[in-house]
Amino acid sequence: MRKLALPFMFAVALNSQVSFAQESQPAPKQPSSFAGTDSPEALREHVPVLPAVRVKYWNIDPAVGYGMKDFGNGVYALSDNGWQSAFLVTDAGVIVFDAPASYGKHIPEAVAKVTNKPIKMLIYSHLHKDHIGGSVAFKNIPGLQIIALDTVSDFLKEMNDPNRLIPTETFKTSKTINLGGKTVELTRHNYHSNEGDLFIYVPEAKFLMAVDSVTSGYVPFQDFDLSTNFHQYLKMFDEILAYKFDNFIGGHLTDTGTRKDVEITKEYTNDVYQTVKRIHNGLNERAFDAEIAKTIGPDNEFLIFKALLDKVTRDSVAELEPRWINRLAGVDVWLPSHVRAALIYVRWDDKE
């Protein structure tokens, strides 16, 4: 079958699944009372968070809206059970890693609880406002250095968002910071956002921060963490595991991670990719197209093509979900989007 190449068709083709027998009826369909993922009935059908994950929720002080953990060697992690960040205390001052919009305004007070050293630097892992939209709280810190990738800085200058302060120092690929007897290694990667992502590594503490990569106990967020480059995303896990780390922050949800969390998310991602590839490449497209055309006619090529993509998605989800539903939280929530993200890669970018 021809590989259609109109960009907007991809979104149309993957947006939703339909019953083709119903679509061919001339009268418009009436939505089910359960239609829509925000209906109470539909929401109740989702699997609750796994007990093994729920028990690791942080105890959040409602008065301040965040919790804090000491990882040792000057590294402290912060979380509100939705977002995560960290900071490093050195003899010469404090380096903050990200300032989430949800609790960023509280980071200076969190730092003050453990040290009287001034905040010297703020490092952006990437440009998304949920992770750095609280940086405005650092606006009046004298002499503050804000460090980010050059492409992140260019984007923020164009956006002119008052909640995301413009970086004062940029770099292209890698940078090593030495401050007060501590080292921070920054390395550019391209697994997530178009403008690039940083691995933030503190070797003395064996601490690694790679935001929007791995979420301890959960499957990745929608579309494999909104990845704009699934090819690089598949490489990301080995890039993370190449570091020597004991504690890991992926930037989201209810617990910090370990090497085991990275390994199981790698296993899940590769299972999705290989399953989608096998099912897609094993489908007889000509026979499938001919069968669908019996119902809707041969002239609606978008709908015929959508039927093909929907079948691969349905078959892949049906095979994968039983393998993972009791191993990671959120499988029934985001697996269909993961399959669609892998399908785009398999059909248009991958080798046969």
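The values are calculated or read from the model by the stated rules, or taken from the named source; none is laboratory data. This one's a predicted model, so the numbers in the text were calculated from it and none came from an experiment. Cβ placement follows ideal geometry from the backbone for every residue including glycine, while neighbour counts extend to all protein chains displayed. Just the protein is used for accessible areas: all its heavy atoms, side chains included, with ligands, DNA and RNA removed. Shrake-Rupley method; radii C 1.70, N 1.55, O 1.52, S 1.80 Å.
In nm, give the distance between the simple-model label positions of Ala52 and Ser174, each being 7 Å from the Cα along the Cα-to-Cβ direction.
About 3.6 nm separates the two model spin labels.
Just by accessible area at a 1.4 angstrom probe, what is the order of Ile123, Ile279 from largest to smallest?
Sorted by accessible area, descending: Ile279, Ile123.
Cα-based Rg of region 206-352 per 2.2 N^0.38 Å, rounded to two decimals?
Dividing the Cα Rg of region 206-352 by 2.2 N^0.38 Å gives 1.19.
Would you work out the Kirkwood radius for region 119-268? I mean one over the mean of 1/r across all pairs of different Cα atoms, in Å.
Its Kirkwood hydrodynamic radius stands at 15.9 Å.
Taking region 262-340, how much of its Cα-Cα pair set, in percent, is spaced more than 21 angstrom apart?
Here the long-distance tail beyond 21 Å is 36 percent of all Cα pairs in region 262-340.
Summarise the long-distance tail of P(r) for region 217-278 by giving the % of C-alpha pairs beyond 15 Å.
The proportion of pairs with Cα distances above 15 Å equals 53 percent.
Show that you can apply the helix-only estimate: for the chain, add -39,500 (n - 2.57) for every DSSP H stretch of four or more residues, divide by all residues, and state [θ] at 222 nm to the nearest 500.
Computed mean residue ellipticity for the chain: -11500 deg cm²/dmol.
Hey, could you pull the Cα Rg and Dmax for the chain, both in Å?
22.9, 74
Take every Cα-Cα pair in region 46-181 and report what % of them are more than 26 Å apart.
25
For region 120-163, which trypsin sites (Lys or Arg not before Pro) pass both filters: DSSP loop (anything but H, G, I, E, B) and at most 10 other C-beta atoms within 10 Å?
Lys139
In region 230-280, which trypsin sites (Lys or Arg not before Pro) fall in coil by DSSP and have 16 or fewer other Cβ atoms within 10 Å?
Lys244
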